[in-house]
Amino acid sequence: MIELRSELLEELTWVEIESAIEEGVKTALVPAGSVEQHGPHLGILKDAAWAEAIGVELAKELGDALVAPVVRPGCSDHHMGFGGTISYRPETLMRVLEDYCRSLDSHGFEHIVLFSLHGGNFPAMNAILPSIADEVDAQIITLLDKELLIDPLMESLARMEITPEARGHGGAAVTASVWHLRPDLVLEEEFTPGFTGDVSTSKLMTNGLDAVTELGHMGDPTYATRELGEEVTTRLVGAFSDRVRSERGDSSE
């Protein structure tokens, strides 16, 4: 493993960055999040802060990666019914990602990993991939399928014997992981159950989340614990690192 003063690209000097690339730090992680509500118990930076924190843990696990500045805001039009939400148009996010990848490619990164901990970014991010791939020499690796994000959360809830209904937007699993990684964004005294019924994704996207939940979250964060947060984080980082190593063709030795 290559020792770095920080896993965050923005905290290093240009000299340190060039030296790191020369020494074998050839992977750049590009986390995307959002600026939107997740109930009364989580700061609206939650998705962006969580993505950055997971990016740092992923970089540590890989041992040869740097985390680019987190992309925020994201595509959050369906959250605009709640105060403070800032939303990119899909084409804005797509252009931002193009510029990110062009810049990182020009500096010599050979692998660029795109991931988002806000599902609303997935359509725009997936749509721009062919264009990015045509413009850069670096290998573009994506962690943009919902199963890769949701499965570790569900597995963690099952292992801790927590009802699956506790999961959701601002629910137990995500709250716990943020509590583990960024406790400054969590108000434990505000933990309260959110909407736990069935609702279609198309209805949420069309009518907005405020048509479903007055508090702005789904699931039940009262089940969140620091232990669950560590479990979720470990499983999520493990799933991401396995995918990255597989896509890069890393040797199993």
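When both residues are 6+ apart or on different chains and their Cβ atoms are under 6 Å apart, which pairs have a first residue that lies in the stretch 215-232 and is without any contact (Cβ under 8 Å) to a residue 40 or more places away in the chain and farther than 30 Å from MET80 by Cβ, and a second that is part of a helix (DSSP H, G or I) and of a type in the set (Lys, Arg)?
Close Cβ pairs satisfying both conditions: none exist.
Return the residues of the stretch 105-163 that are farther than 25 Å from VAL232 by Cβ and among the charged types (D, E, K, R); say none if nothing qualifies.
Initially, the stretch 105-163 is screened for residues farther than 25 Å from VAL232 by Cβ, giving 105-112, 124, 127-140.
Correct list: ASP105, GLU110, ASP134, GLU135, ASP137.
Across the stretch 70-89, what is the number of residues that are open to solvent by 10 Å² or more (accessible area, probe 1.4 Å), among the small types (Gly, Ala, Ser) and under 18 Å from the mean Cα position of the chain (by Cα)? Give the derivation first.
Taking the stretch 70-89 as the starting set, the residues that turn out to be open to solvent by 10 Å² or more (accessible area, probe 1.4 Å) are 70, 72-73, 75, 77-78, 80-89.
Adding the requirement that they be among the small types (Gly, Ala, Ser) leaves 81, 83-84, 87.
Still in the running and under 18 Å from the mean Cα position of the chain (by Cα): 87.
Number satisfying all stated conditions: 1.
Can you pull out the helices (runs of 4 or more DSSP H) entirely within the stretch 107-224 that have at least 3 residues that are buried (at least 21 other Cβ atoms within 10 Å of the Cβ)? Please lay out each step first, then the result.
Values: elements: 122-135, 146-159, 172-181, 201-207.
Output list reads 122-135, 146-159, 172-181.
Collect the residues in the stretch 151-179 that are hydrophobic (A, V, I, L, M, F, W, C) and touching a residue at least 12 places away in the same chain (Cβ under 8 Å), keeping them in residue-number order.
Within the stretch 151-179, the subset hydrophobic (A, V, I, L, M, F, W, C) is 153-154, 157-158, 160, 162, 166, 172-174, 176, 178-179.
Within the stretch 151-179, LEU153, MET154, LEU157, MET160, ILE162, ALA166, ALA172, ALA173, VAL174, ALA176, VAL178, TRP179 meet the criteria.
What pairs come up if the first residue lies in the stretch 119-132 and is closer than 17 Å to ASP47 by Cβ, the second is open to solvent by 30 Å² or more (accessible area, probe 1.4 Å), and their beta carbons are under 6 Å apart, counting only those six or more places apart or on different chains?
ALA124/PRO90; ALA124/MET94
Condition first: of a type in the set (Lys, Arg) and assigned to a helix (DSSP H, G or I). Now tell me which residues in the stretch 73-102 satisfy that.
Selection gives ARG95, ARG102.
For the stretch 225-253, how many residues meet the condition of being open to solvent by 80 Å² or more (accessible area, probe 1.4 Å) and either on the phi > 0 side of the Ramachandran plot or not in a helix (DSSP H, G or I) (or both)?
Qualifying residue count for the region: 3.
Which one is most open to solvent (accessible area, probe 1.4 Å) among residues in the stretch 1-24 that are part of a loop (DSSP other than H, G, I, E, B) and free of Cβ contacts under 8 Å to residues at least 60 places away in the same chain?
Going through the qualifying residues, I end up with GLU3.
Considering only the stretch 25-36, how many residues are open to solvent by 10 Å² or more (accessible area, probe 1.4 Å) and either among the acidic types (Asp, Glu) or closer than 19 Å to THR213 by Cα (or both)?
Selection size over the stretch 25-36: 1.
Tell me, yes or no, whether the stretch 132-143 has at least one residue that is out of contact with any Asp or Glu (no Cβ under 8 Å at 6 or more places or on another chain) and under 15 Å from ARG226 (Cα atoms).
Filtering the stretch 132-143 down to residues out of contact with any Asp or Glu (no Cβ under 8 Å at 6 or more places or on another chain) leaves 133-134, 140, 142-143.
Cutting the leftovers down to under 15 Å from ARG226 (Cα atoms) gives us none.
Among the residues of the stretch 132-143, not one is out of contact with any Asp or Glu (no Cβ under 8 Å at 6 or more places or on another chain) and under 15 Å from ARG226 (Cα atoms), which makes the answer no.
Which condition breaks for ALA48 when tested against (1) of a type outside the set (S, T, N, Q); (2) outside any strand (DSSP E or B); (3) more than 19 Å from LEU209 (Cβ to Cβ)?
Unmet for ALA48, out of (1) of a type outside the set (S, T, N, Q); (2) outside any strand (DSSP E or B); (3) more than 19 Å from LEU209 (Cβ to Cβ): (3).
What residue, among those in the stretch 44-57 that are aliphatic (A, V, I, L, M) and closer than 25 Å to ARG95 by Cβ, is farthest from the chain's Cα centre (by Cα)?
Restricting to residues being aliphatic (A, V, I, L, M) and closer than 25 Å to ARG95 by Cβ, the top hit is ILE44.
The values are calculated or read from the model by the stated rules, or taken from the named source; none is laboratory data. Please read all numbers here as calculations on a predicted model, not as lab measurements. Note: ideal-geometry Cβ built from the backbone for every residue, glycine included; neighbour counts use all protein chains shown. For the accessible areas, the whole protein counts, side chains as well, though only heavy atoms, and no ligand, DNA or RNA atoms are used. Shrake-Rupley method; radii C 1.70, N 1.55, O 1.52, S 1.80 Å.
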